[in-house]
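Since the structure comes first, as structure tokens, the remarks are kept for the end.
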Amino acid sequence: MPDSMSDEDIVRDLDRRWNDVYVRNDRSPFSEILADDLRATWPDGRSEVAKSKMMEPTPGRRVEFSERGFELHGATAVTRGRIRVEHPEGPHEQRFVRVYAKRQGRWQAVSVHVFPLDALNGGTNPSGSMGSLAKHSVRIETDRLCLTCPTPAQIDDYYASIVGSNMFDTILWDGPAGPEDLHAFWDPDKRDPGRMDLDLDLAVIEKASDRYIGGVSVRPVGGDPAILDLGYALAPAWQGQGFATEALAALVRHAFEQRSAERIFATIFVGNRTSKRLVERLGFQHEGTLRRVVRKRGVWMDEWLYAITRPAWEASES
Ligand SMILES: CC(C)(COP(=O)(O)OP(=O)(O)OC[C@H]1O[C@@H](n2cnc3c(N)ncnc32)[C@H](O)[C@@H]1OP(=O)(O)O)[C@@H](O)C(=O)NCCC(=O)NCCS
């Protein structure tokens, strides 16, 4: 490497060579590019020291890189990009963030974080470009439901189905003051599902009718994606048919598999037995009762605390 190369040139060169590893399907340059203690965070949220794993040969695939980003902060550099990999079952797209550090005068990659665009956007986008809705929405499918961002027409229909109902008696939120509140809530410019530290709110859409029938959410506590607060509500006409169970089972799976969750909890007003039965069906355990913990319409309320942890969820899966 010529002495005259700037730090920026060196890191950009390492980053290009990293891309070439995949283009040429030759892992050997990784011995130099990656630090021995490089830590990788994979799309399923797992984090590990990964150099030896990354050096293992894998089948050659056609790859394309796009969306470059570069930042230099003293002895640390961050690059960002997007990779599209052709697989026999269709293309996969991922976004990645690579961190390089200069240690004892030598630049090497010290960590990489990979995010699945496919999972975030409900499948690959054949054009390779992201429309504004795709950019801001997650799509989770179950037999009868799709969890995603609703259309304006679905929002209006949903508002009509919940206005004046008792649906908000058992949750902290008193409901939208008008349809405009709901439209503002779903404003795609305020959402970024790629950010694991932000709330993920999803409308429950019944596939058969294409109607928006309820809402579910996971909200990181203090911006930590490992600890998620689960929220849910169905419009009254759709309760008692298993839709909430179906939606939340899929959302809990998504949170553990795609969003690094370690613990998902729900707080339920004491006495809300339908909600208690629901979380128990999902494998949540009662951890205690929080006394006079929230105020609803001026009244202090007790709440049951229910939670499921990653080990418990993994045990239930095996
Ligand atoms: C909490 C809430 C989402 C639960 O809704 P729900 O309709 O009881 O839940 P599901 O959609 O999973 O339906 C399950 C019920 O349908 C029945 N059911 C009918 N068909 C079913 C099917 N195909 N699969 C599963 N369950 C089915 C179940 O037996 C169960 O009834 P049960 O609780 O009397 O045993 C709903 O009461 C609600 O939105 N309440 C207002 C907001 C709220 O309180 N949110 C929770 C805050 S903590």
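The values are calculated or read from the model by the stated rules, or taken from the named source; none is laboratory data. Everything numeric here is computed off the predicted structure, so don't read it as measured data. Every residue, glycine as well, gets a Cβ built from its backbone with ideal geometry; the counts of neighbours run over all protein chains shown.
Values for this structure:
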read-out	value
Qualifying residue in segment 235-254 (condition: over 29 Å from residue 159 (Cα atoms) and buried (at least 20 other Cβ atoms within 10 Å of the Cβ))	no
Flag for residue 178 being among the small types (Gly, Ala, Ser), within 29 Å of residue 225 (Cα to Cα) and in the same structural domain as residue 258 (by TED's automatic domain parsing)	no
Residue within segment 196-206 that is more than 14 Å from the ligand (Cβ to nearest atom) and assigned to a helix (DSSP H, G or I) present	no
Of all residues in segment 307-318 being outside any helix (DSSP H, G or I) and modelled with pLDDT of 95 or more, the one that is farthest from residue 230 (Cα to Cα)	309
Number of the condition not met by residue 221 [criteria: (1) free of Cβ contacts under 8 Å to residues at least 12 places away in the same chain; (2) aliphatic (A, V, I, L, M); (3) within 8 Å of the ligand (Cβ to nearest atom)]	(3)
Filtered residue count, segment 136-167, keeping only those that are of a type outside the set (D, E, K, R) and free of Cβ contacts under 8 Å to residues at least 24 places away in the same chain	6
Condition met for residue 240 (within 8 Å of the ligand (Cβ to nearest atom) and either modelled with pLDDT of 95 or more or part of a helix (DSSP H, G or I) (or both))	yes
Where a residue in segment 244-269 is under 15 Å from residue 193 (Cβ atoms) and its partner, wherever it lies, is assigned to a helix (DSSP H, G or I), with Cβ under 7 Å and at least six apart	258/119; 261/255; 261/310
Matching residues, segment 11-57, being of a type in the set (S, T, N, Q) and part of a loop (DSSP other than H, G, I, E, B)	25, 28
Selection within segment 261-306 - away from the ligand (no atom under 11 Å from the Cβ), surrounded by fewer than 12 Cβ atoms within 10 Å (Cβ to Cβ) and within 17 Å of residue 230 (Cβ to Cβ)	287, 288
Criterion violated by residue 199 - all others in (1) touching a residue at least 24 places away in the same chain (Cβ under 8 Å); (2) out of contact with any helix residue (DSSP H, G or I) (no Cβ under 8 Å at 6 or more places or on another chain) satisfied	(1)
Filter result for the condition that a residue is touching a residue at least 24 places away in the same chain (Cβ under 8 Å), in the same structural domain as residue 72 (by TED's automatic domain parsing) and either surrounded by fewer than 17 Cβ atoms within 10 Å (Cβ to Cβ) or within 19 Å of residue 60 (Cα to Cα) (or both), over 23, 11	23
Only listed residue being assigned to a loop (DSSP other than H, G, I, E, B) and closer than 22 Å to residue 304 by Cα, chosen from 164, 175	175
Number of the condition not met by residue 232 [criteria: (1) within 12 Å of the ligand (Cβ to nearest atom); (2) surrounded by fewer than 17 Cβ atoms within 10 Å (Cβ to Cβ)]	(2)
Segment 243-260: number of residues that are near the ligand (Cβ under 8 Å from one of its atoms) and among the charged types (D, E, K, R)	1
Test for residue 251: is it closer than 14 Å to residue 313 by Cα, in contact with a strand residue (DSSP E or B) (Cβ under 8 Å, 6 or more places away or on another chain) and not acidic (Asp, Glu)	yes
